[in-house]
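Worksheet: the structure to be examined is printed underneath.
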Amino acid sequence: AYGNDFKYGRVKSKNLSYWDLKTDRLVVHEIAHEWFGNSITTNDVTDRWIHEGFAGYAEELFIEYKYGKKAATEFFEARTIGKTKNTETLIRRYGIFENGGSYVYLRGWKLIHMLRTIVDDDVKFRQILRKTNQKFYHKTINSTELEEFFSKMSGQDLQQEGEVPS
């Protein structure tokens with residue numbers, strides 16, 4: 001979200017204003033990395049879906065806050081449904097550099113969205129997110145630890161919930 005493409009405060013053309021919903025989403029996405037990426041990070045690139053999944057989910061929350069739940073649902077579906085396939089595992093092998101490509105953004109986001117759906121209580125889900133940040137503040141986390149923590153906090157056996165949807 002930074003670099004030479006933003007030389008004029010926007011991407012490429014001097015004639016276009018990019019301070020719109022897309023830019024708002026970009027800002028929300030990058031700020032979300034303060035919580036999932038900087039404050040809490042992963043110790044292996046295979047768990048990058050945690051950083052990107054929560055950042056994508058933050059975009060969805062922003063849309064919900066600004067435009068309502070229906071708009072957020074439409075946004076989520078338009079951005080994710082049919083855009084990924086379950087042909088590759090979301091969580092790859094540890095200890096080798098395989099970043100998983102761009103699908104970690106959407107599949108990670110789908111996984112966080114799925115967790116919210118499983119919890120089925122937005123107040124409780126936000127409490128779990130806050131507790132996640134308290135427990136893992138300035139620490140590393142991996143997929144297994146996140147799953148176990150969410151299982152414990154939600155009272156749900158996430159092992160029984162299945163694969164991340166395509």
Legend entry - From the options Lys70, Lys85, residue that is in a helix (DSSP H, G or I) and either modelled with pLDDT under 90 or loosely packed, with under 14 Cβ neighbours inside 10 Å (or both): Lys70
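Taking the stretch 22-61 only, how many residues are outside any helix (DSSP H, G or I), of a type in the set (S, T, N, Q) and crowded, with 19+ Cβ neighbours inside 10 Å?
1
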Legend entry - Any pair with Cβ under 6 angstrom, 6 or more apart, that starts in the stretch 66-78 at a residue that is more than 16 Å from Thr117 (Cβ to Cβ) and ends at one that is exposed (fewer than 11 other Cβ atoms within 10 Å of the Cβ) and not aliphatic (A, V, I, L, M): none
Inset, instruction - Collect the residues in the stretch 114-146 that are closer than 14 Å to Phe54 by Cβ and either of a type in the set (A, V, I, L, M, F, W, C) or surrounded by 17 or more Cβ atoms within 10 Å (Cβ to Cβ) (or both), keeping them in residue-number order. - result: Met114, Leu115, Arg116, Phe125, Ile128, Leu129, Thr132, Phe136, Ile141, Ser143, Leu146
Inset, instruction - Please verify whether the stretch 74-81 includes one or more residues that are modelled with pLDDT under 85, among the basic types (Lys, Arg) and within 18 Å of Ser102 (Cβ to Cβ). - result: yes
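The values are calculated or read from the model by the stated rules, or taken from the named source; none is laboratory data. All figures in this text were calculated on a predicted structure; none of them were measured in a lab. Every residue, glycine among them, receives a Cβ derived from its backbone with ideal geometry; neighbour counts consider all protein chains shown.
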